[in-house]
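Engineer: Mind looking over this structure? Questions follow.
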Amino acid sequence: MSHPTYEPIVDATGAVHAPHGGAPLLQVRDLQVEFMTNTGPVQAVRGANLTVYPGQSVAIVGESGSGKSTTAHAVIDLLPGTGKVTGGSIVFDGKDITHASAKEMVEVRGRQIGLVPQDPMSNLNPVWKIGFQVKEALKANGIATGKDADRRVAELLAEAGLPDAERRANQYPHEFSGGMRQRALIAIGLAARPKLLIADEPTSALDVTVQRVILDHLEGLTQQLGTAVLFITHDLGLAAERAEHLVVMYRGQVVESGPSRKILADPQHPYTQRLVAAAPSLASRRIQSAKERGVESTELLATTGGEGARRSDEVVKVENLTKVFQIRGNRPGQTTEFKAVDDVSFSIKRGTTTALVGESGSGKSTVANIVLNLLDPTEGKVYFDGTDLSTLDAKELFTFRRRVQPIFQNPYGSLDPMYSIYRTIEEPLRVHKVGDRKSREKRVRELLDMVALPASTMRRFPAELSGGQRQRIAIARALALEPEVIVCDEAVSALDVLVQAQILTLLNDLQAELGLSYLFITHDLAVVRQIADEVCVMKTGQVVEAATTDEVFDNPRQPYTRELLAAIPGARLEVFGEGIEDLPA
Amino acid sequence: MAWYVGRRFLQLIPVFLGATLLIYAMVFLLPGDPILALGGDRGISDALAERLRERYNLDKPFLVQYLLYLKGIFSLDFGITFSGEEVIEVMKRVFPVTFQLAVMALLFEGVFGIGFGLLAGLRKGKLFDSTALVVSLIVIAVPTFVIGFVMQFVVGVKLGWLPPTVGSDVNFKTLLMPAIVLGAVSFAYVLRLTRTSVAENLTADYVRTATAKGVSRARVINVHVLRNSLIPVVTFLGADLGSLMAGAIITEGIFNINGVGGTLYRAIIQGQAPTVVSLTTVLVIVYILSNLLVDLLYAVLDPRIRYA
Amino acid sequence: MPETPTRPDQQHFFAQLDETPVGVVDSVDESAAPASVWKDAWHQLRRRPMFWVATLLIAVIVVVALFPQWFTSVDPKACDLSNSSLPPSAGHPFGFNFQGCDIYARTIYGARPSVTVGVLTTVVVVLIGAVVGAIAGFYGKWFDSILSRVTDIFFAIPFVLAAIVIMSVLYNQRGILTVVIVLGVFGWPQIARITRGAVLSVKNSDFVTAAKALGASRASTLVRHIMPNSAAPIIVYATVALGTFIVAEATLSFLGIGLPQSVVSWGGDISDAQRRLRANPVELFYPAAALALTVLSFIMMGDVVRDALDPKARKR
């Protein structure tokens, strides 16, 4: 027996109004949140102001450390560890809940305010069935019990978009895919029909196409139920697309807020301006827009190939690459075959960037590992500068490794935590016995300079550096042996937007300076628009479409490519008609 | 899941063979010629000694003895002690006593270890937690036999609350103090393990999600935290049964219990190879079975394992 | 979608720049001192009182073990039956035991064998266990299967039994070395398991793959990258294990198969004293207390070291 708690009022002109004469549902005034750390108290949120009206969707946008998640969690008193609200007020539905008792908060949670958390895997208890966990939400809020509850569970899961809901309710979280788990979490969040739903980066852990489907569904559902939604996200494009009101946070403070369209079109605060300029989804829209109007966009990092004669020799050529993995089954001796890469062919022209785009399971990382010679292909060949890699003996292979180097996705795993930065960058030189100690030190300084880091960084350790800084170290290490090709395996995917923009610019500059060729692996088509010359779209191990970036964006031929393009957050925004030259670059 | 358990079982077969072989080899190294010892001061004639040796297979080379022994196990024939009694009869007498002792110790360490560990984990950093930690440290630091003697002296003799020795009077009351002594060190480990597990799981993401649903704190702890925290603890407890039975040798000595430990000790001193090997083999089997049980329990508790 | 009119408190707002300064993107903090993993751990360790207590205790015990003559001038083996079970007196603060030996002197001199057994066994156990565990974890497949089974076999054999058997064989050569061998032979599987686990979890890190992509050999990667990153759990366990080995030695003495009578040891003294517990509990108390304190200090140290090395406790 679902009953929306708020019925949106639609007047004669078709405009939608909030009921109840427009009293705000959630009002956060001057919120201060403090955490105790080893080195003393840290202010995570410093005077945040935020209002959400019934039925409205609001997004808090910011990078890591902005305090956006902390603010949202403070609303339902779910601050982790030593966090506490030290000032300000939180008023929900007319009632001040800033210092509500534990008992009162239990009443509010679930029934009045629901939460859809970020990481679907870690947010579901692995030992209980999905149905049990949804039912728990119903029982805890007095909605239904017993057989009634079971029925309702199946209804809720179906409502959240889970097919075959009754059977699925009897399964465990690890049997679900990421998208399915997120849908289960949405069902849990909305189970008790709360007035406000807090969605904390609800889709950042998912594939792009799945993201779009889930967010569309969520939008439909919350509109139907009249639930207000508070989105937390780092993606400005997504925020603008899904929310009518934006709040931009930076280092614990609200630096700008207002209607989404207005903020995107006319950002006033320098930080917001930077975000608008750097967000790949928005940047790619602007580049496309510029192209449509026949203007060369200043945001394009990749130099288009139309500048006349350039060396077009292929530094890497991949031919009919196939990789089949043997997966051990339950029975001894029983193995199933899994074809990760299926007849993939492409080439990288010297001095350019070729992007391999695909979602998870597309095989793009496997291809990268084969090109790096970390994996042997089952069939097919990889040619490096004309030489077939499979013909190299151990010694030649060792020398070959100098010419191709990787940069990995996770900045927190790609540097040995026990090594100082100097040792990390020096290692390639040491392994290949290049120079002596003095010349190596000189080279390390040179490399640090190339990646715009001060020389004093040499003595530091990874734990002291941020994600972006670590990636720059990883780049410096990759450059140590003067390679010709760098394989960037999701190298910027784990970084904040502004840092991402910085690293992409750095990579681009280095390419121009050193004549590097990049194989850029990513799931983010928007980033591809900015940096790649050629694109290969991969799906379940096969290359679905391969062309120049311009062609793929202007004229996508395959339905999957079109799906990917449509899935870029902000694709539906029609903000950028005029005045695009006025936007800060 | 059947395959998971099956595979584990297959893996344990070489362990069984390896362990029994190793034990057999070790016992084989025991000095002295037991047959001559049998004769005592009077000595025995060579002919008689020869016949006895043949009877007990002692004249055959090592590997043959071992294989004959294995054959015997599978037909439940564990041989004869040098005094003529069937080893299996000896086992039937002493095994249940030690088993009962070990189970009581397991219950003690399980119930109190988990109980206190849970409280300590929930109140991490506070007085109860610090106290529990210190107490557990002390229990581990003081040797078991010291705890045994002191308890026997204080509780059994001075205060007289419980009988200080067991002897032939084997029942719950007499075994209570020995069981506590036997399980003391493991109790400390279980407490610490539970405490760490609980403290870790309290900050887990899914606990936050459960709280966000509006579930009461008590239920969150019971249904989510406890359930997940118990997985490593139960694993430890299951494996502990085997080591309790083997480690009871000291407790049995202190409290005068006629169990596997005491019998084993005497047999080693007397060089009674068949008895030693048989009793040890049974202990090894208990260890292997309890490991299998633990693996099974693990699959029951953690659904992710079932499909691995 | 139809536009709602903007509500008054949701108009376009932006903060003043001087109130919300925007920093350079991703700048390096040059002022902070560099800190390696060990340095970080040390900072954590320094702040815990339990660390200092444990350090003090261990320091005292080590000094007593190395230089017992600084603490007493009485010969622990000079036993005069006419002093049997006498109460404390001047120069003999703990009194005498049944055989007429000075309890205080015996307690002081008992430190050395116990600590030596603990330290030596730990060294042996870590050497064997870490190597076995590292090979099993890193090279995997057959190595792992075989080594894991071997480890299982050693776990399956009851420790006490094996100790009794081996010591019975070596009865005439009993000494510190034999005790170390017995304890060591059965103590390594646990370290092997821990090492294997640590190696497995580090093996798939990106920095290991990066080393491979450089052309570093497998063995060099194991030694230079994986082992240093697996050291933490080994260190923690080894510290605690040191304590438990000291207890184990006492247990062996109790069973009559520990250090011989010619060596003054806590285990031996406790073993003798327990027979006369009723008559003279003091005889048991002092060596037992000394033993417990020693073991306690090592276990406490293991605890605080584990907390300090816990990656979750560190900043990032």
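Engineer: If the viscosity is 0.692 mPa s and the temperature 37 °C, what Stokes-Einstein diffusion coefficient in µm²/s follows for the stretch C:110-315 when Rh is the Kirkwood radius over Cα pairs? Before the final figure, lay out the partial values.
Structural biologist: Values: Rh = 18.7 Å.
So the translational diffusion coefficient is about 176 µm²/s.
Engineer: For chain A, list the DSSP H helices whose alpha carbon atoms reach 24 Å or more along the long axis and whose average Kyte-Doolittle value is -0.5 or above? Could you put the intermediate results ahead of the total?
Structural biologist: Details: long enough: A:208-225 (26 Å, 0.29); A:497-514 (25 Å, 0.98).
Membrane-span-like by this rule: A:208-225, A:497-514.
Engineer: I've got another one for you. Work out the charge dipole of the stretch C:110-315 with +1 on the Cβ of Lys and Arg and -1 on the Cβ of Asp and Glu about the Cα centre, then indicate which of C:ILE246, C:VAL117, C:PHE155 is farthest towards its positive end.
Structural biologist: Selected residue: C:PHE155.
Engineer: How large is ³J(HN,Hα), in whole Hz, for each residue of the stretch C:235-247 in order, when computed from phi with the Karplus curve 6.51 cos²θ - 1.76 cosθ + 1.60 and θ = phi - 60°, using x for Gly and Pro?
Structural biologist: Rounded to whole hertz, the list is 4, 4, 5, 4, 4, 5, 4, 3, x, 5, 5, 5, 5.
Engineer: Same structure again: Highest GNM mean-square fluctuation, chain B, Cα pairs closer than 10 Å: which of B:ASP240, B:ASP205, B:ASP169?
Structural biologist: Sorting by GNM fluctuation, first place goes to B:ASP205.
Engineer: Given the -39500 (n - 2.57) contribution per DSSP H run of 4+ residues, what per-residue ellipticity at 222 nm results for the protein assembly as shown, rounded to the nearest 500 deg cm²/dmol?
Structural biologist: -16500 deg cm²/dmol
Engineer: Pull up the DSSP beta bridges for the protein assembly as shown and report the antiparallel fraction as a percent, rounded to 5.
Structural biologist: Details: 56 of 94 bridges.
Given both bridge residues lie in the protein assembly as shown, the antiparallel proportion sits at roughly 60 percent.
Engineer: Average partner chain C-beta neighbours within 10 Å, per residue of A:456-468? Intermediate results must be reported in sequence, preceding the final value.
Structural biologist: Numbers: counts 3, 3, 1, 3, 8, 7, 4, 9, 10, 4, 6, 2, 2.
That average works out to 5.
Engineer: So if I place +1 on the C-beta of Lys and Arg and -1 on the C-beta of Asp and Glu, and nothing else carries charge, what would the dipole magnitude of the protein assembly as shown be about its Cα centre? I want it in debye, nearest 20.
Structural biologist: So the dipole magnitude of the protein assembly as shown works out to roughly 2860 debye.
Engineer: Right, next: Using a 10 Å cut-off on Cβ atoms, rank the peptides B:187-197, B:219-229, C:86-96, A:336-346 from the highest mean neighbour count down. Write out the running numbers ahead of the final one.
Structural biologist: Details: B:187-197: 23.4, B:219-229: 20.1, C:86-96: 14.3, A:336-346: 16.9.
Ranked from most to least packed, the peptides come out as B:187-197, B:219-229, A:336-346, C:86-96.
Engineer: Going toward the positive end of the dipole of the protein assembly as shown, with +1 on Lys and Arg Cβ and -1 on Asp and Glu Cβ, which of B:LEU264, A:ILE475, C:SER262 do you reach last?
Structural biologist: The Cα lying farthest towards the positive end belongs to C:SER262.
Engineer: Can you list the residues, at least 5 places off or on another chain, whose amide H is less than 5 Å from the amide H of C:LEU259, using H built in the peptide plane?
Structural biologist: C:SER253
Engineer: So which residue, out of B:LEU297, B:LEU279, B:LEU106, gets the largest mean-square fluctuation from a GNM of chain B using Cα contacts under 10 Å as springs?
Structural biologist: B:LEU297
Engineer: How much accessible surface does B:GLU85 have with a 1.4 Å probe, in Å² rounded to 10?
Structural biologist: 70
Engineer: Something else now. Restricting to chain A, what percent of DSSP beta bridges are antiparallel, rounded to 5? If you can, show how the numbers build up before the last one.
Structural biologist: Working: 51 of 88 bridges.
Around 60 percent of the beta bridges assigned by DSSP in chain A are antiparallel ones.
Engineer: Percent of alpha carbon pairs in the protein assembly as shown separated by more than 57 Å? Intermediate values should be presented prior to the final figure.
Structural biologist: On the way: 212456 of 730236 pairs.
That fraction is 29 percent.
Engineer: Please compute, for peptide C:164-170, the average count of beta-carbon atoms on other protein chains lying within 10 Å of each residue's beta-carbon.
Structural biologist: 5
Engineer: Net charge near C:ARG218, counting Lys/Arg +1 and Asp/Glu -1 over other residues with Cβ under 12 Å of its Cβ? Don't skip to the end; give the middle numbers.
Structural biologist: On the way: positive: C:LYS203, C:LYS212, C:ARG224; negative: none.
Taking every other residue near C:ARG218 into account, the sum is +3.
Engineer: For chain C, what is the accessible area per residue in Å² when the probe is 1.4 Å? Each step should come with its number before you reach the end.
Structural biologist: Values: 14470 Å² over 316 residues.
Accessible area per residue: 46 Å².
Engineer: Work from the charge dipole of the protein assembly as shown (Cβ charges, +1 for Lys and Arg, -1 for Asp and Glu, about the Cα centre) and give the residue of A:THR354, B:ILE23, C:VAL304 farthest towards its positive end.
Structural biologist: B:ILE23
Engineer: Averaged over A:409-419, how many beta carbons belonging to a partner chain fall within 10 Å of each residue's beta carbon? Numbers along the way, then the final one.
Structural biologist: Values: counts 1, 3, 1, 3, 8, 6, 4, 12, 10, 10, 7.
Partner Cβ neighbours, averaged per residue: 6.
Engineer: Take the alpha-carbon centre of the stretch C:171-248, take the same for the stretch B:244-308, and report the distance between them in whole Å.
Structural biologist: After rounding, the separation between the Cα centres reads 27 Å.
Engineer: Would you mind checking the tilt of helix C:37-46 against the longest principal axis of the Cα atoms of chain C, expressed as 0 to 90 degrees and rounded to 10?
Structural biologist: Tilt relative to chain C: about 60 degrees.
Engineer: Let me ask another. To the nearest 20 Debye, how big is the dipole of chain C about its Cα centre, given +1 on the beta carbon of each Lys and Arg and -1 on that of each Asp and Glu?
Structural biologist: Details: 25 positive and 21 negative charges, 178 e Å.
My answer is approximately 860 debye.
Engineer: Connecting C-alpha atoms closer than 10 Å in a GNM of chain C, tell me which of C:GLU283, C:GLU249, C:GLU19 has the biggest fluctuation.
Structural biologist: Per the Cα network of chain C with a 10 Å cutoff, C:GLU19 tops the list.
Engineer: Which angle from 0 to 90°, rounded to the nearest 10, does the C-alpha axis of helix C:141-156 make with the longest principal axis of chain C?
Structural biologist: Tilt of helix C:141-156: around 40 degrees.
Engineer: Assign unit charges at the C-beta atoms only (+1 for Lys and Arg, -1 for Asp and Glu), then state the dipole size of chain A relative to its Cα centre in Debye, rounded to the nearest 20. It would help to have the intermediate numbers written out before the result.
Structural biologist: Working: 64 positive and 73 negative charges, 327 e Å.
Once rounded to the nearest 20, the dipole reads 1560 debye.
Engineer: Right, something else. For the protein assembly as shown, give me every cysteine whose Cβ has no other Cys Cβ within less than 4.7 Å, ordered by residue number.
Structural biologist: A:CYS488, A:CYS536
Engineer: Check cross-link reach from B:LYS173 to the lysines: straight Cα distance under 25 Å, and skip same-chain residues fewer than eight apart.
Structural biologist: B:LYS92, B:LYS158
Engineer: If you fit an axis through the alpha-carbon atoms of helix B:273-301 and take the longest principal axis of the Cα set of chain B, what angle between them do you get, 0 to 90°, nearest 10?
Structural biologist: That works out to roughly 20 degrees.
Engineer: Given the Cα atoms of chain B, and with Rh set as the inverse mean 1/r over their pairs in the Kirkwood sense, what is Rg to Rh to two decimals? Present the calculation step by step, with values, prior to reporting the outcome.
Structural biologist: On the way: Rg = 23.7 Å, Rh = 22.2 Å.
Here Rg/Rh amounts to 1.07.
Engineer: Below 11 angstrom from the Cβ of C:TYR237, what's the summed charge of the other residues (Lys, Arg +1; Asp, Glu -1)?
Structural biologist: Details: positive: C:ARG193, C:ARG306; negative: none.
Neighbourhood net charge equals +2.
The values are calculated or read from the model by the stated rules, or taken from the named source; none is laboratory data. Keep in mind it's a predicted model, so treat the numbers as computed, not measured. In this analysis, Cβ positions are derived from the backbone assuming ideal geometry, glycine residues included, and neighbour counts consider all displayed protein chains. For the accessible areas, the whole protein counts, side chains as well, though only heavy atoms, and no ligand, DNA or RNA atoms are used. Shrake-Rupley method; radii C 1.70, N 1.55, O 1.52, S 1.80 Å.
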